[in-house]
1. Out of the total accessible area of the chain (probe 1.4 Å, heavy atoms of protein only), what percent is carbon and sulfur?
2. Figure the gain on full extension for Arg22 and Ala150 (residue separation times 0.36 nm, minus the Cα-Cα span) and round it to one decimal in nm.
3. Distance from the Cα centre of the stretch 99-176 to that of the stretch 21-91, in angstrom?
4. For Arg97, project a label point 7 Å along Cα to C-beta. Then give me every residue of the stretch 47-80 with its amide nitrogen under 16 Å of that point.
5. Pop a pseudo-label 7 angstrom from the Cα along the beta-carbon direction at both Leu117 and Gln71 and give the gap in nm to one decimal.
6. Using label points projected 7 Å from each Cα along Cα→Cβ, tell me how many nm separate Asp81 and Ser139, to one decimal.
7. Around Asp81, which amide H atoms from residues at least 5 apart in sequence, or from another chain, sit under 5 Å from its own amide H, with H modelled in the peptide plane?
8. Among all helices in the chain defined by DSSP H, which have a length of 20 Å or more along the axis from Cα atoms plus a Kyte-Doolittle mean of at least -1.0?
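The values are calculated or read from the model by the stated rules, or taken from the named source; none is laboratory data. Every value quoted in this text rests on a predicted model; they were computed, and no experiment measured them. No Cβ is skipped: glycine too gets one built from the backbone with ideal geometry, and neighbour counts run over all protein chains shown. Surface areas here come from the heavy atoms of the whole protein model, side chains and all, with no ligands, DNA or RNA. Shrake-Rupley method; radii C 1.70, N 1.55, O 1.52, S 1.80 Å.
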Amino acid sequence: MADEATDAKRLQGYLPGTDMPRFIRDMMEFVGMTEADVEAIRRSAPNVLAHERELTTALYDHFVKFPRSAQFFLKPDGEVDQARLERRKHSLGRWLRETAEAAITQEFSYYLLSAALAHGHRPTAPGAIPQHLMVGAMSLTQTALAGIFAQELGADEAAAASVAWNKLLLVQLSVFMLAYVPPRPVL
């Protein structure tokens, strides 16, 4: 135990935003994401993408049910801004397609950071999306994906896909949480 503490003191911290691929690789290692997980994501991707529109619609329908999340999708008159919802569904669909590739490239890592900042640093009213709603949105996504896998894949493959997607989505959630804390070095 003392050796681990000494090793931790020797680690050089870095600002995640300066090396997002490293941050994501570190988080993937931390959550135990393996090549087998990446392959499970890629094998299950067609099942997920076949439901892209259904998933994005269900998530945004859920968001507009609750005043604390609906406020981000309302026009000044209080009505739901359908055009904004369609743009958000399109963006969520892009994120889903990119995530389904499980290709953690430099470009994708900074795409995630820019999405995080767009959610966590909104300058216009009603402001930033609260972090607890971001966590809730990721949970809703995980649950929806598990339902798809349970319906369309055999039990073993459904379990492998759920575990793998959960790991990847939690890595991505860690990127989203960067938008809510002041920049500071991580180990």
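1. Taking all protein chains in place, the chain shows 58 percent carbon and sulfur surface.
2. Extra length available between Arg22 and Ala150 comes to 42.8 nm.
3. Cα centres, the stretch 99-176 to the stretch 21-91: 6 Å.
4. What the label zone holds, given the 16 Å backbone N cut-off, is 47-57.
5. With each label point 7 Å from Cα toward Cβ, the separation is 2.5 nm.
6. That separation, rounded to one decimal, is 2.7 nm.
7. Leu74, Lys75
8. Qualifying helices, which must be both long enough and hydrophobic enough, are 35-49, 106-120, 131-152, 155-177.
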